[in-house]
Amino acid sequence: MKKYNFNAGPSILPREVIENTAKQCLDFNGSGLSLMEISHRAKDFQPVVDEAVALVKELLQLPAGYSVIFLGGGASLEFCMVPYNFLIKKAAYLNTGTWAKKAIKEAKLFGEVVEVASSAESNYTYIPKGWTCPTDVDYLHVTTNNTIYGTEIRRELDVPVPMVADMSSDILSRPVDVSKYDCIYAGAQKNLAMAGVTIVIVKDEKLGKAPRQIPTMLNYQTHVEKGSMFNTPPVVPIYCALENLRWIKRNGGVEAMDKLAHERADILYAEIDRNKLFRGTVKEEDRSLMNICFVMNDEYAELEKPFLDFATERGMVGIKGHRSVGGFRASCYNAQTVEGVQALVQCMKDFEAAH
Ligand SMILES: *Cc1c(COP(=O)(O)O)cnc(C)c1O
C-alpha cells in the first residue's frame, strides 16, 4: 500500500533526492568509492559544498555580506551558539513554545534576556501580538514555525532591532527578507535534508563582536573562515541537502514552495473546519502551513484512537499529535504532495461517514 508520510521530523523528502543520495552512497561520481568513504577534502567534495552554498544564496536571495555554513549539533546547539556569538549585553526572545523556551534557557547563560511576550498561558495556541521590542537589545530571537504547536510567523516582523530566527521547520518554504536577520538557523531534518546537518546563515559584520572567549568549534567565525571545513563536516547529509536544494530550484524555487504550502494547507484546514468530528487547535490567523494540528471535537473524544488506526490502515504515517498537544498533526513540508493531503482528507470524510 502507498504510504503518505506526515512525520514531523525527520520527515518526508522528495523520492528523487533520496534516490540520488543513495546512488552517491554506492558510487560517488563514478569514482568507485562511496560518498561515505572519501575525504571531505577530496577535490570532488568541495564542489558539493560550494554548490549547496550557492543554491541557498540564490534561492533565498541573500544580500551581500552573509555567509552560509553547514554544522553538526542540530538546531539545539544553535540555541547556545547564537548567544555565545551575538549576545553582547541583552537579547529579546519571543516565547512561542518548546523550542523557543529551550533557546531562552541557553541565552540566559550569556546575558540578560527579555521575554517580550509569551503564549504559554494558552498552551501556545497563538502567536503573541501587540508587544513592543526593546530597542536596546542585541537581537530579537523568533521561532518562525512552531513545529509542536502548529503556529507560524510567516512573514518578517517589523521590529527596531535585527532578528535571529530558528527556521528549522519552515526554511525554504517561502521567500524571506534575509536582510532583517543577523542569523537564521535550521536543523536539516524537517524541511531540508536527512538528519545530521544544520544550516546557518550569518551576517559577517556581526561576527567577532561578543565580549568573551568563544571555544573554537562554537565560534561561527571559525566555520565561516574555513567554509564549513574546519573539521570533518557531515558529508552525506550535506550531499542530501544539495540534492534537495537542486530539487527546490527545479520545481520553481521558494515562491513555488510557498504556493504549494498554501494549497496543501487550505485543503486540509478546510476539511478540519468542515468535518463535524474535528477541530483545529490554533487561532486561525496563526495557523502553520507546515505542521497542521487538529483534535477530535469533545463529543467525539473517544474516537481519537479509532481514527488513528483507521488512517494508519490507509497508509497515513506520522499523524499522531505531539504529546503536549494531543490529537493529530499532519506535517506538510516542501516534499508533501497535494495528493497526500487529499488522501488524508478522504480518510477524514470516510471516517465521518462511518460515525
Ligand atoms: C526540531 C526542532 C528543533 C530541534 O532540532 P534538533 O536538530 O533536533 O536539535 C529546534 N527548533 C525547531 C523549530 C524544531 O522544529
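Close amide H pairs (under 5 Å, H built 1.01 Å from N) link residue 138 with 88, 89, 90, 91, 92, residues at least 5 positions away or on another chain. Each part reduced to its alpha carbon centroid, the stretch 26-61 and the stretch 166-229 end up 19 Å apart. Evaluating kT/(6 pi eta Rh) at 25 °C and 0.890 mPa s, with the Kirkwood radius of the chain over Cα pairs in the Stokes-Einstein relation, gives 116 µm² s⁻¹. Restricting attention to the chain, close to 55% of DSSP beta bridges with both partner residues there are antiparallel.
Applying the Karplus relation 6.51 cos²θ - 1.76 cosθ + 1.60 with θ = phi - 60° to the stretch 127-137 yields 3J(HN,Hα) values of 9, x, 10, x, 9, 10, 9, x, 8, 9, 9 Hz, where x marks Gly and Pro.
Beta-bridge orientation, the stretch 133-285: approximately 45 percent antiparallel, per DSSP, counting only bridges with both partners inside. Calculated over the stretch 187-237, the projected area of the Cα convex hull averaged across directions stands at 4.1 nm².
Shown in residue order for the stretch 310-319 are the 3J(HN,Hα) couplings computed by the Karplus curve 6.51 cos²θ - 1.76 cosθ + 1.60 at θ = phi - 60°: 4, 5, 5, 4, 9, x, 6, 10, x, 8 Hz (x for Gly and Pro). With springs connecting C-alpha atoms under 10 Å apart, model the chain as a Gaussian network and identify which of 36, 167, 296 has the largest mean-square fluctuation. Of 36, 167, 296, the Gaussian network model singles out 36 as fluctuating most.
Once fully extended, how much extra length lies between residue 112 and residue 259, figured as 0.36 nm per residue of separation less the alpha-carbon to alpha-carbon distance?
Details: separation 147, 0.36 × 147 = 52.92 nm, distance 3.95 nm.
Extra length from residue 112 to residue 259 when fully extended: 49.0 nm.
Computed from backbone phi with θ = phi - 60° and the Karplus coefficients 6.51, -1.76 and 1.60, the 3J(HN,Hα) list for the stretch 13-29 is 10, x, 3, 5, 5, 5, 5, 5, 5, 4, 4, 6, 5, 8, 7, 7, 6 Hz; x is used for glycine and proline. Taking amide H atoms as placed 1.01 Å from N in the peptide plane, the amide H of residue 117 lies under 5 Å from those of 95, each 5 or more residues away in sequence or on another chain. About the Cα centre of the chain, how large is the charge dipole given +1 on each Lys and Arg Cβ and -1 on each Asp and Glu Cβ? Please answer in debye to the nearest 20. That gives the chain a dipole magnitude of about 460 debye.
A Förster radius of 41 Å combined with the Cβ-Cβ distance from residue 27 to residue 323 puts the calculated FRET efficiency at roughly 0.45.
Of the residues 138, 170, 182, the one that moves most in a GNM of the chain with alpha-carbon contacts below 10 Å is 138.
Looking at the stretch 44-163, send over the antiparallel percent of its DSSP beta bridges, to the nearest 5. The answer is about 20 percent antiparallel.
The label point for residue 214 and the one for residue 297, both projected 7 Å from the Cα toward the Cβ, are 5.3 nm apart.
If you take the alpha carbon radius of gyration of the stretch 166-286 and divide it by 2.2 N^0.38 Å, what ratio comes out, to two decimals?
Relative to the 2.2 N^0.38 Å estimate, the stretch 166-286 comes out at 1.35.
Per the Cα gyration tensor, the stretch 259-310 maps to an equivalent ellipsoid with semi-axes of 22, 12, 9 Å, ordered largest to smallest.
Between residue 321 and 327, 328, 329, the built amide H atoms are under 5 Å apart, and every one of these is 5 or more places off in sequence or on another chain. Residues considered: 120, 241, 103. Largest GNM mean-square fluctuation over the chain, using C-alpha springs under 10 Å, is found at 120. Annotation: the residues 177, 158, sorted from fewest to most other C-beta atoms within 10 Å of their own C-beta, follow the order 158, 177.
Straight-line cross-link partners of residue 23 among the lysines, defined as a Cα under 29 Å from its Cα and at least 8 positions apart when in the same chain: 2, 3, 43, 57, 190, 226, 249. From helices alone, the chain scores -10500 deg cm²/dmol at 222 nm; the rule is -39500 (n - 2.57) for each run of n ≥ 4 DSSP H residues, then divide by the residue total. Taking one quarter of the surface of the C-alpha convex hull of the stretch 7-100 gives a mean projected area of 9.3 nm².
Just so you know, all these numbers are worked out from the coordinates, no wet-lab data involved. Bear in mind the structure is a predicted one, so any value in this text is a computation, not a measurement. FYI the Cβ positions are ideal-geometry reconstructions off the backbone, even for glycines, and counts take in every protein chain you see.
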